[in-house]
Amino acid sequence: MPDPTPLVVAIAEVLDRAFIDAAGPVLLHAVLEADDVVLGVRELAVGVHPCDALGGWAGSPRWWAVGLRVHGTAHRLDAPDAGPSRIVSTFVLARDGSHASLLREGARVSALPGPVHGRIPDLCRALLVPSAKPGREVAP
């Protein structure tokens, strides 16, 4: 997978910071228009996993990128005696495959390098694939 472009990283950072007080997951899409980047966001229901809220849906073909900011729990593999901690993960994926992944634990934000796997990246990939089911498009 290509390295994240500066634009994808910038979008992930904006999503992370702009929704720092959001109680639930946030869906983002980006559309490139001439020299502008138009961002659309939707706060999703608290307590509902984004896969349950968005599974089977497709993003608009106009979407250049899609992203999710979700809450979770981290368990340290390098410190098994440490208790779990609350984290927020932000993942943004562009149609060309470039991506950015950020992990927030309190005030500390870390970029996660390399390929990213899991339910959230898989959901973002699925949202960028045109739907075979009419009427299952997430509003632009």
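The values are calculated or read from the model by the stated rules, or taken from the named source; none is laboratory data. Remember, it's a predicted structure, so these values are computed and weren't measured experimentally. Every residue, glycine among them, receives a Cβ derived from its backbone with ideal geometry; neighbour counts consider all protein chains shown.
Taking the listed residues VAL48, VAL129, the one that is of a type in the set (A, V, I, L, M, F, W, C), surrounded by fewer than 16 Cβ atoms within 10 Å (Cβ to Cβ) and at pLDDT 90 or above is VAL48, with no other qualifying.
With respect to the conditions (1) of a type outside the set (Asp, Glu); (2) within 21 Å of ALA126 (Cα to Cα); (3) in contact with a strand residue (DSSP E or B) (Cβ under 9 Å, 6 or more places away or on another chain); (4) modelled with pLDDT under 90, LEU54 lacks only one, and its number is (4). Among the criteria (1) closer than 22 Å to LEU127 by Cβ; (2) in a strand (DSSP E or B), the one ARG86 does not fulfil is (1). Among the residues that make up region 60-72, is at least one of them among the β-branched types (Val, Ile, Thr) and either within 25 Å of PRO6 (Cβ to Cβ) or under 13 Å from the mean Cα position of the chain (by Cα) (or both)? Within region 60-72, one or more residues are among the β-branched types (Val, Ile, Thr) and either within 25 Å of PRO6 (Cβ to Cβ) or under 13 Å from the mean Cα position of the chain (by Cα) (or both). The set of residues in region 40-59 that are more than 13 Å from the chain's Cα centre (by Cα) and free of Cβ contacts under 8 Å to residues at least 40 places away in the same chain comprises ALA45, VAL46, GLY47, VAL48, ASP52, ALA53. Quick check on PRO61: is it of a type outside the set (A, V, I, L, M, F, W, C), touching a Lys or Arg at 6+ places or on another chain (Cβ under 7 Å) and within 24 Å of ALA10 (Cα to Cα)? So PRO61 does not fit the description; no. Among the residues of region 69-98, the ones that are touching a helix residue (DSSP H, G or I) at 6+ places or on another chain (Cβ under 6 Å) and not β-branched (Val, Ile, Thr) come to 5 in all. Mind listing whichever residues of region 89-121 are part of a strand (DSSP E or B), closer than 20 Å to HIS29 by Cβ and not hydrophobic (A, V, I, L, M, F, W, C)? If the condition is that a residue be part of a strand (DSSP E or B), closer than 20 Å to HIS29 by Cβ and not hydrophobic (A, V, I, L, M, F, W, C), then SER89, THR90, HIS99, SER101 are the ones that fit. When restricted to residues that are part of a loop (DSSP other than H, G, I, E, B) and either surrounded by 15 or more Cβ atoms within 10 Å (Cβ to Cβ) or free of Cβ contacts under 8 Å to residues at least 60 places away in the same chain (or both), region 1-18 contains 2.
Of all residues in region 10-47, those that are closer than 19 Å to ARG125 by Cα and basic (Lys, Arg) total 1.
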